[in-house]
Structures are given as C-alpha cells and as structure tokens.
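Q: Quick one: structure below, then a few questions.
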Ligand code: ADP
C-alpha cells in the first residue's frame, strides 16, 4: 500500500517531533497524537458520511456543514506544515470541542455530544502533560452549566429542546462531570507512575553507563600495566642473561685454571657458585619463557592424543627411571596453541611424577570430558597431595610448598600452566586429598567454528 505509506510519512513529518533517545512519557504522548491524526481522517469518514446523510434527511443541514468544516479543518491540521506540534494538538482539541458543542446544540443534550466531552477529557490527559486533563473537566463543567442555563431560560436552540427538564439535565451533567474527573484522575495517576518508573530506569541506565565507562578505563589501564609488566619481565630476564653468562663462564674458568690449587672451603665455595649460577640461569630462562607464552605461534586445530604422545616420548627416560604408569584416555581434537598445550601437559605430568613419596610408583591418568561449550581435561596422580589452603597459592609464580632439598623445582611450572590456560580463555584448578593424590583440571572453551563441527 504505497499511498498509505506516503500518507503516513507525510503526516509523520508534520505531526511528530524527532523521537528522543529516551522514550519517556512525552515521546508516547506525541506518538499517540500522531497516530490519532493518522487514523482520524480515514476512520472519521465512518461517522462523517452517515452523519451528513442523516443531517440532510433529518432537516438539519447546518450540522452537515459543521461536520464537513470540522473534517476539513482536521485535514488542514494534518497536512499543513506550518503550526508547531503543541499548537496542532490544541487546534485538534478545539475542533473536537466545536463538533461536540455542535452535536449537543443540534441533536440535543442527550445525544452523542456528551460522549465527546468524556472522550475529550481522556484524550487531552493522554496527549498533554498535567494539569491539562483537569482543565477539560472545568471546560466540560462550564459547557454543561451553559446548556443548563439555556434550558432553564428556554433559549436552548432547536426543536429537540422539548424533551428537557432541569432535573434530567442535573442528573446527566453530574454523571458526565463525574466520569470526566474519574478518568482524568486515574489516567493522571497511571501516567505519573509510569513516568517515575521511566525516570528511575533512566537514572539506573545512566549510572550503569558511567560505571561501565569507569570499568572500561580500569580494564584498559590493567591491560596496559600487564603488558608493561610482561615487557619488564622479558627485558629484565633477557638482559640478566648476559652478566650471568659471564659469571658462569668465569666460574668454570676459575674451576679449570685454579681448581687444583684451591683447597678446603675454596673448592666448596666454587661448587656453590656453580650451582647457584646454574639455578639462576634456570630461573631467568624460565621467566623469559613465561613472558613469551602466547607471543609466538597461532591457534590451530590439534589432536590432543598426538600432543600427549609427543610429550610422553620427550620425558620417556624419566618415566622409565621412575617406573611411572600412565593411562591416557581418548582425547579430543581442539582448537588451541599446540606448543603451549604440550608445555602444559608436560608440566602437569612431570609434577605428577615428581611429587610422590619416595617409595611410591607414580600412577597418572590423563582424561578429557565435554562440558557444554568447553572441554575439561584432567591429570590425576597418586602423589603427596596438596592441602586445600594451598589450592590457589600453587599457581602463583615462584610459589613452592617444599624446600628444594625435598623436591627440586623453580616454582614456575604451575604459573606457566595458568598462563597457558588463560591464553585459551579457560580456567585451571586442583582437587586433592593430602597423602592420596591430586587431580589438576583445566578447561578449554570451544570456539564457534568448533561448536559447528
Ligand atoms: P615446582 O614444580 O617447580 O615446584 P610448580 O609451579 O610446578 O613448581 O608447583 C608449585 C608447587 O605446587 C610445588 O612446589 C608443589 O608443592 C605443588 N604441586 C604441584 N604439582 C603437584 C602435584 N602433582 N602433587 C602435589 N603437589 C604439587
């Protein structure tokens, strides 16, 4: 219906202000007015055509003229681009009042005119802010009084006046005024309530927007600080390697050149120096590797069975030496950083081999299960276990629960694991029973395309 669309757009252009961002009550008032003006012309014909015919047949041609003039005037309000929206609204109300008075004058006080009085109170309350609705109650009362006076003094215009008595006028008028007041008061209350709700929502949205802005700023600064820290760790560990290499080569030179000449404590100190240098080298390399996680390589579809197999081959000597039993359940194909994932499995498996009581043969099980939109992997062992109070601490860099004399290590392994899992936007956690064993779990979310597959 192209013509309807054209008509609608034309009227909207004239009779509607640009919609505001917040759809408050004034937005809906304007929208209602716009819809009324949109439909009043086509629908008004339903009242106008029979009205005109009946007026002419019934010998009241003036009413037909008034009806037609009102329709023309409403068409003028709708199509003329000149008056402002508020003026248009007032003009429409004036038109309907004129029609209402005309109907009362020509068809009698009991005719359709009175219905228009109530309808006008409702309409004005809906399209204008308070107290406009109460103004219509005053105007309606005035009209009723005017007609009452005219009845009383016998100056009520046409022939229909014969049916009237002042008593019936009082009864009808008081009902009309009561209905108008009740409608205006109820609608006013409803609109006020709605406005309060909208205001509150707007306030909440404003607060939310402000809070999310603050949060966004904080996230940006946290991100920047993280990058700065990573860069610092990378540069520091990179730069520390050079003097360390010098210390290391000097201590081996010292050992080579003067080893024979040194005696007693001298030899022991030299050995400590070599051990400490070696340990520092391991720590610095570890830190450098830690800062590099996720910097190289790209995620791709990889078979976890193959990854674990390669890891086990890489540590085969250790497995054989300790007599470790390893069960690997079928593992899935996942979208991941394969090199980093191998490192993750290796750290968990070597820890499971390492942290057992001396007389126990390590038993390890590697499994995976699908949990909605993610895969959850587990590496469980029969090792020494971990007390619940250390469940979080063990994933912090350089945190260890045992002296090196008991279990060798740098305290970097699980921090690596955490960073690798976070690189995949997953989580890592441990469940354990001290003395019986531990199970390390980590989740890897599936990407969209993985879900489709
Ligand atoms: P490292 O192995 O170099 O000590 P990790 O970061 O890998 O460092 O581990 C941190 C600590 O967590 C370990 O010192 C150990 O106390 C505890 N831990 C890690 N894995 C296990 C395990 N499988 N069983 C018991 N304790 C463990």
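The values are calculated or read from the model by the stated rules, or taken from the named source; none is laboratory data. Only a predicted model underlies this, so the values are computations on that prediction, with no experimental measurement involved. Here the Cβ is made from the backbone with ideal geometry for all residues, glycine too, and neighbour counts use every protein chain on show.
Q: Go through the stretch 374-397 and count every residue that is touching a residue at least 60 places away in the same chain (Cβ under 8 Å) and either near the ligand (Cβ under 6 Å from one of its atoms) or in a loop (DSSP other than H, G, I, E, B) (or both). Step through it out loud before you land on a result.
A: From the stretch 374-397, those touching a residue at least 60 places away in the same chain (Cβ under 8 Å) are 374-380, 397; that's our starting set.
Retained after the next criterion (residues that are either near the ligand (Cβ under 6 Å from one of its atoms) or in a loop (DSSP other than H, G, I, E, B) (or both)): 397.
Selection size over the stretch 374-397: 1.
Q: Next question, about the same structure. Which ranges mark the helices (runs of 4 or more DSSP H) fully within the stretch 236-352 that have 2 or more residues being in contact with a strand residue (DSSP E or B) (Cβ under 7 Å, 6 or more places away or on another chain) and without any contact (Cβ under 8 Å) to a residue 60 or more places away in the chain?
A: In the stretch 236-352, 304-314 are the helices (runs of 4 or more DSSP H) which contain 2 or more residues that are in contact with a strand residue (DSSP E or B) (Cβ under 7 Å, 6 or more places away or on another chain) and without any contact (Cβ under 8 Å) to a residue 60 or more places away in the chain.
Q: Out of the residues in the stretch 399-420 that are surrounded by fewer than 14 Cβ atoms within 10 Å (Cβ to Cβ) and near the ligand (Cβ under 8 Å from one of its atoms), which is farthest from residue 353 (Cα to Cα)?
A: Only one residue fits best here, namely 402.
Q: Follow-up. Go through (1) part of a helix (DSSP H, G or I); (2) under 26 Å from residue 96 (Cα atoms) and name the single condition residue 155 misses.
A: (1)
Q: Working only within the stretch 353-362, note down all residues that are more than 12 Å from the ligand (Cβ to nearest atom) and either within 12 Å of residue 326 (Cα to Cα) or in contact (Cβ under 8 Å) with a residue 24 or more places away in the chain (or both).
A: The answer is 361, and nothing else.
Q: If you check residue 453 against the conditions, is it at pLDDT below 90, under 26 Å from residue 309 (Cβ atoms) and more than 12 Å from the ligand (Cβ to nearest atom)? Quick ask: steps written out before the conclusion?
A: On the way: at pLDDT below 90: yes; under 26 Å from residue 309 (Cβ atoms): yes; more than 12 Å from the ligand (Cβ to nearest atom): yes.
Answer is yes for this residue.
Q: Listed residues 133, 108; which is out of contact with any strand residue (DSSP E or B) (no Cβ under 8 Å at 6 or more places or on another chain), surrounded by 14 or more Cβ atoms within 10 Å (Cβ to Cβ) and modelled with pLDDT of 85 or more?
A: 133
Q: State whether the residues of the stretch 125-146 include one that is in contact with a helix residue (DSSP H, G or I) (Cβ under 6 Å, 6 or more places away or on another chain) and outside any helix (DSSP H, G or I).
A: yes
Q: In addition: Does residue 426 count as under 27 Å from residue 233 (Cβ atoms), under 37 Å from the mean Cα position of the chain (by Cα) and more than 9 Å from the ligand (Cβ to nearest atom)?
A: Judged against the criteria, residue 426 is a match.
Q: In the stretch 362-398, what count of residues is obtained for those that are surrounded by fewer than 18 Cβ atoms within 10 Å (Cβ to Cβ) and either under 25 Å from residue 289 (Cβ atoms) or touching a helix residue (DSSP H, G or I) at 6+ places or on another chain (Cβ under 6 Å) (or both)?
A: 8
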